[in-house]
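Single-structure report; data block below.
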Amino acid sequence: MQTKKVYFKTFGCRTNVFDSQVMISKLQGHEVTENETEADIVIVNSCTVTNSADSGVRSYINQVNKDNSKKIFLTGCGAHSKGESLFKAGKVNGVFGQSEKAKINTLLAKEEKFYEIGDLEFVDENIVDDFVGKSRAFIKVQEGCSFRCNYCIIPSVRGDARSINEKLILEQITRLASNGYGEFVLTGTNVGSYGNGEKRSIASLMKRMSQIRGVRRIRLGSLEPTQINDEFKEILDEPWLERHLHIAIQHSSPEMLKLMNRRNNYKHDLELFNLLSEKGFAIGTDFIVGHPGENEELWCEAIKNIIQMPLTHIHAFTYSARDNTPSATMKQQVNGAVAKERLKELTNIIDQKNLAFREKYSSKELEVLIESKHDELYSGYDQFYNKVLVQSSEDIEGDWINIQDYKVKEDENYAKFKRS
Ligand code: SF4
């Protein structure tokens with residue numbers, strides 16, 4: 001009998017990338033393919049953070065269903081929010097929660113359709129040896145979130161915050177480092193919650209990681225401003241820490257932060273960002289535009305405040321109401337077109353700040369991990385998490401290169417590279 005081919009379609013965040021890699025590493029008796037058309041089975045590792053995430057997953061499943069020779073299985077955060085309705089509608093052959101992913105072989109062997117949503121208290125114990133098609137490794141260190149931001153569905157589809165066993169994480173990194181990985185991205189639903197309530201923290205974990213042979217650069221997923229404490233500030237000058245931090249503020253109007261039930265406040269965020277900027281850090285953030293209550297006056301205040309902040313990167317999107325969240329029932333909804341305009345205004349400001357940052361540091365040597373090649377140009381990210389395009393006649397994919405001489409262009413830095 002011919003071996004069945006399995007294609008993994010991963011939506012959403014780096015935690016999903018890790019979860020897909022776990023399923024790939026566990027799979028037996030099947031062949032993993034990166035070519036969807038030849039697949040017999042499609043595993044959809046879904047995201048549900050916004051309405052557009054949901055519709056993206058739904059339209060993808062509808063598209064795959066056009067070829068009824070394929071079997072489709074749904075997992076990821078969308079399994080908890082949309083899984084039941086997609087299952088009842090007969091759109092998928094099976095639905096399983098993240099806690100069930102290690103049982104992928106048993107699940108795929110089932111003749112009958114199944115709905116196994118599992119639980120949201122599980123703590124991952126899976127280790128992977130590789131990251132297919134990636135030159136850096138994503139390490140899940142925690143799962144879930146115990147914050148309760150009024151607009152957010154994540155705690156209800158990922159559960160409360162819990163941390164992965166530290167020994168397991170360090171063994172995971174030791175294995176990947178011995179397999180040639182030098183850059184590690186610590187990920188989770190709320191990474192900064194790692195070790196909460198226990199005698200460990202994200203800062204202490206990184207110090208231990210940096211002792212492992214082969215660990216060259218450590219990057220972090222999104223942190224919360226309230227999690228950058230004194231212990232974390234002690235590692236800011238470490239050579240193995242990237243010179244970029246992504247710290248989610250979500251808004252810059254004090255009134256809006258209250259409406260969103262955020263734990264951070266603008267005054268503290270500004271002080272923190274100025275401290276990091278003085279140390280030469282590039283700073284990224286998350287921002288939701290158009291949350292209910294964001295009238296013109298509060299928007300103008302938010303823009304005035306954001307201009308004061310030494311930001312260089314932003315992950316901004318317009319608010320979308322999520323079922324069963326407090327914000328979804330709030331009055332003063334913001335018009336979609338107005339929100340889009342505000343989003344453009346905000347991202348333009350940060351794009352300019354990014355360009356100004358790269359010009360300010362244009363005499364700095366860049367340490368770049370080359371990740372891919374497109375149209376004769378290699379690309380990768382430097383220590384400030386800025387994109388660098390490199391022209392080279394040598395094959396440098398997956399290599400670390402140091403660049404002194406480069407051009408600062410509108411959207412990225414550009415260099416020619418020849419090994420000396
Ligand atoms: S910190 Fe807030 S926005 Fe982030 S996952 Fe938790 S509840 Fe959602």
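Counting Lys and Arg as +1 and Asp and Glu as -1 over every other residue whose Cβ lies under 10 Å from the Cβ of Ser193, the net charge comes to -2.
Taking region 346-365 and a reference point 7 angstrom along Cα→Cβ of Ser52, the backbone N atoms nearer than 19 Å belong to 346-351. Rolling a 1.4 Å probe across the protein heavy atoms gives region 321-420 an accessible surface of 60 Å² per residue. Of Ser25, Ile288, Val92, which is farthest along the charge dipole of the chain in the positive direction, counting Lys and Arg as +1 and Asp and Glu as -1 at C-beta? Projecting each Cα onto the dipole axis, the largest value belongs to Val92.
Taking a ≥ b ≥ c as the square roots of the eigenvalues of the Cα gyration tensor, region 152-202 is prolate, since a/c reaches 1.5 or more and a/b is larger than b/c. Restriction of the trypsin sites (Lys or Arg not before Pro) in region 272-329 to DSSP coil positions whose beta-carbon has at most 13 other beta-carbons within 10 angstrom yields Lys279. Only Cα pairs under 8 Å and at least 6 apart count here; give the relative contact order of region 140-194 as a rounded whole percent. For region 140-194, the relative contact order is 53 percent.
Net charge in the neighbourhood of Val6 (other residues with Cβ under 14 Å of its Cβ; Lys, Arg +1, Asp, Glu -1) is +2.
Per DSSP H run of n ≥ 4, the term is -39500 (n - 2.57); total these for the chain, divide by its residue number, and report the mean residue ellipticity at 222 nm rounded to 500 deg cm²/dmol.
Result for the chain: -9000 deg cm²/dmol, rounded to the nearest 500.
Cysteines in the chain that lack a partner Cβ within the 4.7 Å cut-off: Cys13, Cys47, Cys77, Cys145, Cys300. The mean sequence separation of alpha-carbon pairs under 8 Å and at least six residues apart, normalised by the residue count of the chain, gives a relative contact order of 10 percent. Of the beta bridges in the chain, as assigned by DSSP with both residues counted there, near 30 percent are antiparallel.
With both labels modelled 7 Å from their Cα along Cα-to-Cβ, the Ser363 to Glu296 distance reads 4.7 nm.
Overall shape: rounded for region 366-417, with the ratio a/c of the largest to smallest alpha carbon gyration tensor axis below 1.5. By its C-alpha gyration tensor, with a ≥ b ≥ c as the square roots of the eigenvalues, how is region 136-243 shaped: rounded for a/c under 1.5, else prolate for a/b larger than b/c, else oblate? Verdict is prolate for region 136-243.
Using R₀ = 30 Å, calculate the FRET efficiency as 1/(1 + (r/R₀)^6) where r is the Cβ-Cβ separation of Ser85 and Asn105; round to 0.05.
With a Förster radius of 30 Å, E is 0.65.
Between Asp160 and Arg175, the simple spin-label model (points 7 angstrom out along Cα→Cβ) gives 3.0 nm. Note on Asp405/Arg263: beta-carbon distance plugged into 1/(1 + (r/R0)^6) with R0 of 41 Å gives a FRET efficiency of 0.40.
The values are calculated or read from the model by the stated rules, or taken from the named source; none is laboratory data. Note that this is a predicted model, so its numbers are computed, not measured. Cβ sites come from the backbone with ideal geometry, for glycine too, and all protein chains shown count toward neighbours. Ligands, DNA and RNA are excluded from the accessible area calculation, which covers all protein heavy atoms including side chains. Shrake-Rupley method; radii C 1.70, N 1.55, O 1.52, S 1.80 Å.
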